[in-house]
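First up is the structure itself, then whatever we jot down about it.
The values are calculated or read from the model by the stated rules, or taken from the named source; none is laboratory data. Model, not experiment: these values are computed from the prediction. Cβ atoms come from the backbone with ideal geometry, glycine included; neighbour counts cover every protein chain shown.
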Amino acid sequence: MRVLNLFMGLFHQLVKNTRDRKGISSIFLVMLFLIPFITLSVFLIESRYLYTIKNSADDAVVSSALAALKSADPVDAAYGEYVLDKDAAKNTFYEYLKKNMKLDDNLNPMSGSVAASSVHVDEFIVYDPGDYPTYCPKGTLIRNTSIHVVISFKARRPGLTGLFGKYVDIVVHRDVDNFYSLEEE
């Protein structure tokens, strides 16, 4: 009710000003609605941009983890023994993560990277047979040979830096497996 009274008071003041000074109230009214509209529009565009950056990083993590899953011995996989060498999987993951996200050897961004700061691999866990069924630290059920990855980095905010800061923290969590199972009929 108070908001309605506030707007009615503003409306009556605008009507009064219109009689006294022609045009100034029209400019004031346009500015009253234009500034929030532009701010909201920039916010919506920026949120979609940051969502796209997160999806790009997510795709990089998934493809790197799939490359690491492929590092298993194909003969063992053919007989249903799908066990990953943890060190080989980790090395392969890091190799492809650097390529996919355009990072240098210290995981710092190079030209064209979506990251604005160094990328931190917060969690990297390989789940082999005997380790599952279990839950990853973030609560996802693990039923197959999988790689659990959590990365974090900062992305540059394109607009509204005065309101929300220059950077935004992005965290990507993925549990990747290839759903391989040998079933006899």
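General remarks:
- Checked across the stretch 92-109, the condition of being modelled with pLDDT of 95 or more and part of a strand (DSSP E or B) holds for at least one residue.
- Scanning the stretch 131-164 for residues that are under 13 Å from Lys86 (Cβ atoms) and outside any strand (DSSP E or B) returns Asp131, Thr145.
- Checking each residue of the stretch 167-176 against the condition of being surrounded by fewer than 18 Cβ atoms within 10 Å (Cβ to Cβ) and assigned to a loop (DSSP other than H, G, I, E, B) gives no match.
- Among the residues making up the stretch 132-179, those that are aliphatic (A, V, I, L, M) and either within 20 Å of Pro109 (Cβ to Cβ) or touching a Leu at 6+ places or on another chain (Cβ under 7 Å) (or both) are Ile147, Val149, Val150, Ile151, Ala155, Val168, Ile170, Val171, Val172, Val176.
- Among the residues of the stretch 35-50, those that are surrounded by 11 or more Cβ atoms within 10 Å (Cβ to Cβ) and not acidic (Asp, Glu) comprise Thr39, Ser41, Val42, Phe43, Ile45, Ser47, Tyr49, Leu50.
- Test for Ser152: is it touching a helix residue (DSSP H, G or I) at 6+ places or on another chain (Cβ under 9 Å) and either loosely packed, with under 12 Cβ neighbours inside 10 Å or of a type in the set (Gly, Ala, Ser) (or both): no
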